[in-house]
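The values are calculated or read from the model by the stated rules, or taken from the named source; none is laboratory data. Small disclaimer: the values here were computed from a predicted structure and weren't measured. For neighbour counting, all protein chains shown are included, and Cβ atoms are generated from backbone atoms with ideal geometry for every residue, glycine included. The protein model used for the area step is the full one, side chains on, heavy atoms only, and it has no ligands, DNA or RNA in it. Shrake-Rupley method; radii C 1.70, N 1.55, O 1.52, S 1.80 Å.
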Amino acid sequence: MGFAYGEDSQEVSRKVQALPHEGYGQTWAKTILIGEHSVVYGHPALALPLHSLKMQAWATPIASGQQAQLEALDYSGSLEESGGTFGGLKRAVEVTLNFLHHPQQAFNIRTQSDFPAGRGLGSSAAASGAVIRAILDAYDVEVSREQLLDLTNQAEKITHGHPSGLDAATTSGLKPVRLAAGSMSTIQPQGDAYLVIADTGVVGSTKEAVEGVRSRFQEDPTGVGQLMDSLGEQSEAAIRDLENGQMESLGHRMNEAQVLLNALQIGHPKLDLLVETARSCGALGAKLTGGGLGGCVLALASTKEDADRISKALRSDGAQQVWLHQMVA
Ligand code: PMV
């Protein structure tokens, strides 16, 4: 049984001093429904947790003097020397052990994911969050949501530099998260619809996309500023549509957002192809999701039958993987 960190400090120090056991943590993928890129300039964005695409982590304590190992994606080796893509995970272990006042305890870490990395599905935040939860679990410590997000964002800084916090919140939260001008809240969607998420198989660098948009903004503040304002308006209205169950209107706004995102030059021919496939098979709307330059397409379908048909067509047009998500149960 766990307990809340900070509720009873004597209990906490007694428990945290106990020897850790193997710990387990779970988070999930996320998708940005609308508002990517314009959110960087203060406009609203909405991200949805994808609870069926799990990220799992195990933390196994090891004796002092042994070298901690990491098994994640295609890497298997020393945690200390993992670096690069895994810098965030290494940091997640450090910040959590510091938080628990056990910086000297070492753990072998293993992660297992139902979804690919580098496709805008929140893999890095989900992996850090799952590892943090696994280490806390190893000490039977439960923390508040704010503390969990704070630890995850410390790890995300290594991976993303200036994380907005949207990924950390959505990959460990139950409800859709709205972010605007640095302020986050959850929303309650209405209506019934399906999301079809299709992976182009192209790795898109969010960092490169964000930097590209920034430099185009500097070159043409008026033109790019107008694109951002329009994206912001579509996002604001799309979030209202979702809260009111107006799925057709939401789909239309996703299509509008896709035009604007392409104008920001963060598209990719494979994204365009899959967007067209989804629309021609009856999607209410379709767009890229996340940073762009590759990654995934997100299509909105009104029924399960439509979603199944769209999925099949996306696969035959080259999507590497396709996932279905029922948006409102
Ligand atoms: O690629 P993702 O899923 O991490 O999404 C990036 C979203 C951006 O708006 C492009 C960047 C950001 O930090 O919000």
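Quick notes
- Cβ-Cβ distance of Gln326 and Asn244, R₀ of 22 Å, FRET efficiency by 1/(1 + (r/R0)^6): the value works out to about 0.75.
- Sequence-separation-based contact order of region 193-327, relative, with Cα cut under 8 Å and 6+ spacing, percent: 42
- For His252, neighbours were defined as the other residues whose beta-carbon sits under 12 Å from its Cβ, and their charges (Lys and Arg +1, Asp and Glu -1) total 0.
- Mean projected area (nm²) of the alpha-carbon convex hull when region 89-230 is viewed from all directions: 11.2
- Projection of the Cα convex hull of the chain, averaged over all directions and equal to a quarter of that hull's surface, yields 16.6 nm².
- Here region 193-327 exposes an accessible surface that is 46 percent carbon and sulfur, computed with a 1.4 Å probe and the other protein chains kept in place.
- Neighbourhood charge, 12 Å Cβ-Cβ cut-off, centred on Leu227 and excluding it, Lys, Arg +1 and Asp, Glu -1: -3
- Diffusion coefficient, µm² s⁻¹, Stokes-Einstein with Kirkwood Rh over alpha-carbon pairs of region 93-146 at 37 °C and 0.692 mPa s: 268
- Within-10-Å neighbourhood charge of Gln67 [Cβ basis; K, R +1; D, E -1]: -2
- Extension gain from Ser215 to Glu71, taking 0.36 nm per residue of separation minus the Cα-Cα distance: 48.1 nm
- Of the listed residues His43, His160, His37, the order by accessible area with a 1.4 Å probe, largest first, is His160, His43, His37.
- Within the accessible area of region 11-186 (1.4 Å probe), percent carbon and sulfur: 49
- Bridging of Lys287 to lysines at a Cα separation below 22 Å is possible for Lys30, Lys175, Lys207, Lys270, Lys304, Lys312, once same-chain residues fewer than 8 apart are set aside.
- Whole-Å semi-axes of the ellipsoid equivalent to region 193-327 (Cα gyration tensor, √5λ, descending): 25, 19, 10
- Highest-fluctuation residue, Tyr75, Tyr24, Tyr139 considered, GNM on the chain with Cα pairs under 10 Å: Tyr75
- Full-stretch length increase - Ser64, Tyr24 - with 0.36 nm per residue and alpha-carbon distance subtracted: 12.3 nm
- Size of electric dipole in region 11-186: Cβ of Lys, Arg +1 and of Asp, Glu -1, about Cα centre, debye, nearest 20: 360
- Averaged over its residues, the chain has an accessible area of 44 Å² per residue, based on protein heavy atoms and a 1.4 Å probe.
- GluC sites (Glu not before Pro) within region 32-104: DSSP coil, no more than 13 neighbouring Cβ in 10 Å: Glu80, Glu81
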